[in-house]
Amino acid sequence: MLNALPTGISLRPITDSDKAFMAALYAANRQAELANFPFSDQQKTLFLQSQFEAQYRHYFTHYPSQRFTLIEQQGQPVGRLLVAEHPDHLRLVDIALLPSHQGLGIGSALLRQLQAEATTKALAIKLQVAPASPAQRLYQRLGFLAGEGDAFYLAMTWLPPTIAPAK
């Protein structure tokens, strides 16, 4: 199957019991960023926890009934995929994998599945990415085009073949 996930990878809805894993996932993906901060380990932990809580509240307040799924490998959580469906596009709210599971094709396969869904529904996919994020290269390889941005986020859009780009 063209859009098959790597062996052993599956998705399931996020539940309240996944919050601790999601906090650990958030922290794991921010370690390099915080390495040079002049904080103690305890301060870094508290900072990451408060930032995660703010993000978690934002996601579940602004996208309450959307597809928030946990990415599992052999039944163990390794990431999350958050997608919101709007009348005219799919919004990739967030995709995150544990550092140990990045670069293995999991994210690419999930994004290709989302692209297949968007093609079937004749919807664009929109997302925002940090300008310095390595994920930006992945999105570009998969055909996402950069739009407007600022110091914090760059908007990117993918259009299925059935939708002509705006001139």
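The values are calculated or read from the model by the stated rules, or taken from the named source; none is laboratory data. Everything numeric here is computed off the predicted structure, so don't read it as measured data. Positions of Cβ are backbone-derived with ideal geometry, glycine not excepted, and every protein chain shown enters the neighbour counts. Remember, those area values only see protein heavy atoms, side chains included, never the ligands or the DNA or RNA. Shrake-Rupley method; radii C 1.70, N 1.55, O 1.52, S 1.80 Å.
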In the stretch 146-158, which residues are touching a helix residue (DSSP H, G or I) at 6+ places or on another chain (Cβ under 9 Å) and surrounded by fewer than 16 Cβ atoms within 10 Å (Cβ to Cβ)?
146
Taking the residues in the stretch 84-96 that are free of Cβ contacts under 8 Å to residues at least 60 places away in the same chain and within 8 Å of the chain's Cα centre (by Cα) as candidates, determine which candidate is least open to solvent (accessible area, probe 1.4 Å).
92
Subset of the stretch 9-23 (residues that are part of a strand (DSSP E or B) and small (Gly, Ala, Ser))
10
Here is a check on your reading of the model: is residue 111 of a type outside the set (Ser, Thr, Tyr), modelled with pLDDT under 95 and under 14 Å from the mean Cα position of the chain (by Cα)?
no
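Would you point out which residue out of 110, 142 is open to solvent by less than 30 Å² (accessible area, probe 1.4 Å) and either closer than 14 Å to residue 81 by Cβ or in contact (Cβ under 8 Å) with a residue 40 or more places away in the chain (or both)? Outline the logic, then answer.
On the way: 142 fails: either closer than 14 Å to residue 81 by Cβ or in contact (Cβ under 8 Å) with a residue 40 or more places away in the chain (or both).
Criteria check complete, one pass: 110.
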Of everything in the stretch 1-53 that's touching a strand residue (DSSP E or B) at 6+ places or on another chain (Cβ under 7 Å) and open to solvent by less than 60 Å² (accessible area, probe 1.4 Å), which residue is nearest to residue 106 (Cα to Cα)?
9
